[in-house]
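Peer 1: The structure is given below, and queries will be raised subsequently.
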Amino acid sequence: SKYILESYSPGSTLDVIAQASNTYTPLSYQVRTIVRVTLPSILLAAIATSVYPSMAQWLVQLPSSTYEGSNLLYNDQVLTVLSNDLSQYVQNILTTCALLFGILVGQTYYFMYQQQENIFFALFNEVTEAKSLLEQISLMTYGRPGLYPSLLSRMNDYVQDDLKMLSVKDPTLLTSRLPRDDPLESILYATSVGLPSVVYETVRSLRQARAERCSALQNKLPLLHIYLLRLLIVIVLATFPVCGSGSQAIAPNVLVLQSYMFGVLAFGLTLVVNVVEELRNSGNKGAYNVDGVLEVMVGGLEKELEERLDGRFWGIGVSPSPPIRDISDRSNIKIDANNFDGAKEEIAKISVVEEQSNDVKVEVDGSDVDKGSTTTHRRKRLTSWLQ
């Protein structure tokens, strides 16, 4: 299969980064995520830092439409209360808004990351079931030339047009298609009409795994939720100038320091929401995309399907051939199971030699051992062993 791989000049900066990063996710995907997440955050932080002093001054000098020469929001008493703020009422408003934002964003991030984890579980389960189905198809239909290529073709359609279409097809539309357009339905019909075969259970398990994958890929977080989180960002940022504007009554130059703090706050809040948005749209070509991992997972399955369809994969091939058993007797003679007749003749020759040597030994030693009974016993042992 065509893996999502990218090569760079050896020793270059991009090559070092690519080697240090995830090998299954291309560097270009990770760069896209960095740009989509950090660039808007940096721009918003720069804008917030530059406009904060002017915003605080504008709030203090906001004229009143009722009384000429007076301010709408601020006067000397109000500035005194904000600068001292002994009750910390205004600061508590900022803390409450930030805490509310943190709780909602934390729960949303946990939910989206758990969904990303479920995608990996579903993919590993589905690829394993797909390999089992290919093995069973090969075992059952290899000797049937009319059925074997047809089932392999339908299996290939399932891999190319269903399993690998994570970022292309909507999971809801993929599930809603007619049964006759489902490659697994064709395999089930061809192998389990009448009495269900063993393929029926495998297809059933594969369909369940596909349902888990589609369920994990389904976008469960509406876009309105992201808009509400961004609205909370606006509320938190809007309360900050109100809290900091009273400080200029004591030290006017403090607005410069507060502007940098305001920029850092804007950068952090925007960065968190952009990460959640990236997890929500994991189908985009980004760091959270699982296409690279899936390409590696189905590489062996695709290669075997291609070889079988092209006729380059002979035999069943689902398991290696059994090894040749080596059987040794007392004389360390190895017996090949495929050449049993030759082994039997060899053992017969060995037995004759052993009988002659025993006869000579008996004659020399003058032993009273019955040679006939010894020879008969040895032949019985050899015969029983051969059987």
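The values are calculated or read from the model by the stated rules, or taken from the named source; none is laboratory data. None of these values were measured; they are calculated from a predicted model. Heads up, the Cβs are rebuilt from the backbone with ideal geometry, glycines too, and the neighbour counts pull from every protein chain shown. Surface accessibility is based on the protein's heavy atoms, side chains included, excluding ligands, DNA and RNA. Shrake-Rupley method; radii C 1.70, N 1.55, O 1.52, S 1.80 Å.
Peer 1: Specify the residue that is surrounded by the fewest Cβ atoms within 10 Å (Cβ to Cβ); the eligible residues are those in region 140-187 that are under 18 Å from Y200 (Cβ atoms) and β-branched (V, I, T).
Peer 2: Of everything passing the filter in region 140-187, T141 is surrounded by the fewest Cβ atoms within 10 Å (Cβ to Cβ).
Peer 1: May I pose another question? Filter region 135-156 down to residues that are among the hydrophobic types (A, V, I, L, M, F, W, C), over 27 Å from the mean Cα position of the chain (by Cα) and part of a helix (DSSP H, G or I) and give me whichever is modelled with the highest pLDDT. Show your work before the answer.
Peer 2: Going through region 135-156, the residues among the hydrophobic types (A, V, I, L, M, F, W, C) turn out to be 137, 139-140, 147, 151-152, 155.
Then drop every residue that is not over 27 Å from the mean Cα position of the chain (by Cα), which leaves 139-140, 147, 151.
Retained after the next criterion (residues that are part of a helix (DSSP H, G or I)): 139-140, 151.
Details: L139: 83, M140: 81, L151: 87.
Result: L151.
Peer 1: If you don't mind, another one. Quick check on my filter: what residues within region 257-286 are among the basic types (K, R) and more than 15 Å from L229 (Cα to Cα)?
Peer 2: K285
Peer 1: Can you tell me which residues in region 200-224 are open to solvent by 70 Å² or more (accessible area, probe 1.4 Å) and either within 30 Å of L59 (Cβ to Cβ) or part of a helix (DSSP H, G or I) (or both)?
Peer 2: Y200, E201, R204, R207, Q208, E212, L223, L224, listed by residue number.
Peer 1: Continuing with the same structure: Mind counting the residues in region 157-170 that are outside any helix (DSSP H, G or I) and of a type outside the set (D, E, K, R)? Reasoning before the result, please.
Peer 2: Going through region 157-170, the residues outside any helix (DSSP H, G or I) turn out to be 164-170.
Filter once more, so that each one left must be of a type outside the set (D, E, K, R): 165-168.
Result for region 157-170: 4.
Peer 1: Please go through (1) over 27 Å from K285 (Cα atoms); (2) surrounded by fewer than 18 Cβ atoms within 10 Å (Cβ to Cβ) for Q114 and return the number of the only condition it doesn't satisfy.
Peer 2: With respect to (1) over 27 Å from K285 (Cα atoms); (2) surrounded by fewer than 18 Cβ atoms within 10 Å (Cβ to Cβ), Q114 is out only on (1).
Peer 1: Output the qualifying pairs, or none if there are none: Cβ atoms under 7 angstrom, residues six or more apart or on different chains, first residue in region 200-217 and without any contact (Cβ under 8 Å) to a residue 24 or more places away in the chain, second residue open to solvent by less than 10 Å² (accessible area, probe 1.4 Å) and of a type in the set (A, V, I, L, M, F, W, C).
Peer 2: R207/L184
Peer 1: Pick out the one residue from P196, P171 that is out of contact with any strand residue (DSSP E or B) (no Cβ under 9 Å at 6 or more places or on another chain), farther than 29 Å from K285 by Cα, modelled with pLDDT under 85 and not charged (D, E, K, R). Give the derivation first.
Peer 2: Values: P171 fails: farther than 29 Å from K285 by Cα.
The match here is P196.
Peer 1: Same structure, new question: Of everything in region 55-67, what is at pLDDT 70 or above and either over 19 Å from A266 (Cβ atoms) or open to solvent by 80 Å² or more (accessible area, probe 1.4 Å) (or both)? Give them in sequence order.
Peer 2: Matches in region 55-67: W58, V60, Q61.
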